[in-house]
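Below is one structure, written out as structure tokens; comments come after it.
Read the figures in this text as sums done on the coordinates, not as results from a lab. Please read all numbers here as calculations on a predicted model, not as lab measurements. Backbone-built Cβ (ideal geometry, glycine too); neighbour counts: all protein chains shown.
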Amino acid sequence: RIAYVNGRYVRHADAAVNVEDRGYQFADGVYEVCEVARGYIVDMKRHLDRLDRSLRALSIAWPMHRRAFELVLREVVNRNGVLNGLVYLQVTRGVAPRDFLFPAQAAPAVVITARKVDPAIAARRAETGIKVITVPENRWDRVDIKSVGLLPNVLAKQAAKEAGAQEAWFVDTDGTVKEGGSSNAWIVTADGRLVTRPAEHGILRGITRTTLLEVAAGLGLAVEERGFTVAEAKAAREAFISSATTIAMPVVEIDGSPIANGHPGSMVLSLRAAFFDVAE
Ligand code: PDD
């Protein structure tokens, strides 16, 4: 495997960053995960638009021209022979002696990796669906920035695993579901309306979420962008999550309560099936 690190393509096993990289010292950096399907990077433009917003929010400069970034992303995918899988990119504020204040000099540091993932794994998982647990929201209020500071997400997803589940949903003090540890959350109401939290309210604006809203419009589905409670989700006709790595993945159990008959819903499976016709 080959990784891109600060201007060089290196063997993945030899890829390394400086111990004083601010990503390592302070989680002072941002990232993106893009799905690779049939050799192309899905919704790359939207991912780079979001990278731009994350970088701006932290006053980190683009490490190279956006066009160059696109070329390098494709090159890493190609050099690793990835037809289906994912590409990971990370930009940090760079290397400087440890100090909280922004360094005057540091150049932003970039790491890009890619790996193959067998699409049959997610396809099989979508046939049975996944289980989620709920956990109290304990993150900061800038989760709209795709920061590499993910400790609450790590702890929540580990708690999910220990409970026999695959994702954890962060729940706000008002009882509404915010999003998963690495995904957005959706339900389908008894009368067949798709519901997902507005992206302006304390969640990451998922690229898959945005594209799925377009898929839903194309299928003529009724959509409500509003918050929903855990109780509403447990009583819903369907529940599911979305992310670059899962696309749309049925949720069949929340905190041990089965959703509907405990099998994946039909609407999430239609959205999943139509996704790659709409994604760019
Ligand atoms: N996670 N919410 C959070 C907190 C996320 O970390 C992610 C993505 C999403 C979904 O966003 P998108 O559709 O753009 O992938 C929502 C990635 C996959 C990760 O951290 O691995």
Inset, instruction - Using the Kirkwood radius over Cα pairs, work out the Stokes-Einstein diffusion coefficient for the range 122-278 at 25 °C and 0.890 mPa s, in µm²/s as a whole number. - result: 161 µm²/s
Inset, instruction - Could you grab the relative contact order for the chain? Cα pairs under 8 Å, six or more apart, rounded to a whole percent. - result: 18 percent
Legend entry - Fully extended contour minus Cα-Cα distance, from ASN84 to THR229, at 0.36 nm per residue: 48.7 nm
Legend entry - Listed residues HIS263, HIS12, HIS47, most fluctuating in the chain (Gaussian network, C-alpha, under 10 Å): HIS12
Legend entry - P(r), alpha carbons of the range 45-171 - 10 Å bins starting at zero, rounded %: 10, 28, 35, 23, 4, 0
Legend entry - Kirkwood Rh and Cα Rg combined as Rg/Rh, the range 202-269: 0.95
Inset, instruction - Find how many whole Å separate the alpha carbon centroid of the range 113-138 from the alpha carbon centroid of the range 143-194. - result: 12 Å
Inset, instruction - Please work out how much length the chain gains when fully extended from TYR40 to ARG193, using 0.36 nm per residue of separation minus the C-alpha to C-alpha distance, in nm with one decimal. - result: 51.9 nm
Inset, instruction - Quick one: grab Rg to one decimal and Dmax as a whole number for the chain, Cα atoms only, in Å. - result: 19.1, 58
Legend entry - For the range 140-280: relative contact order, % (alpha-carbon pairs under 8 angstrom, 6 or more apart): 21 percent
Inset, instruction - Could you work out the local net charge near ASP14, counting Lys and Arg as +1, Asp and Glu as -1, over the other residues with Cβ closer than 11 Å to its Cβ? - result: +3
Inset, instruction - List the extent of the Cα atoms of the range 2-117 along each of their three principal axes, largest first, rounded to whole Å. - result: 43, 30, 21
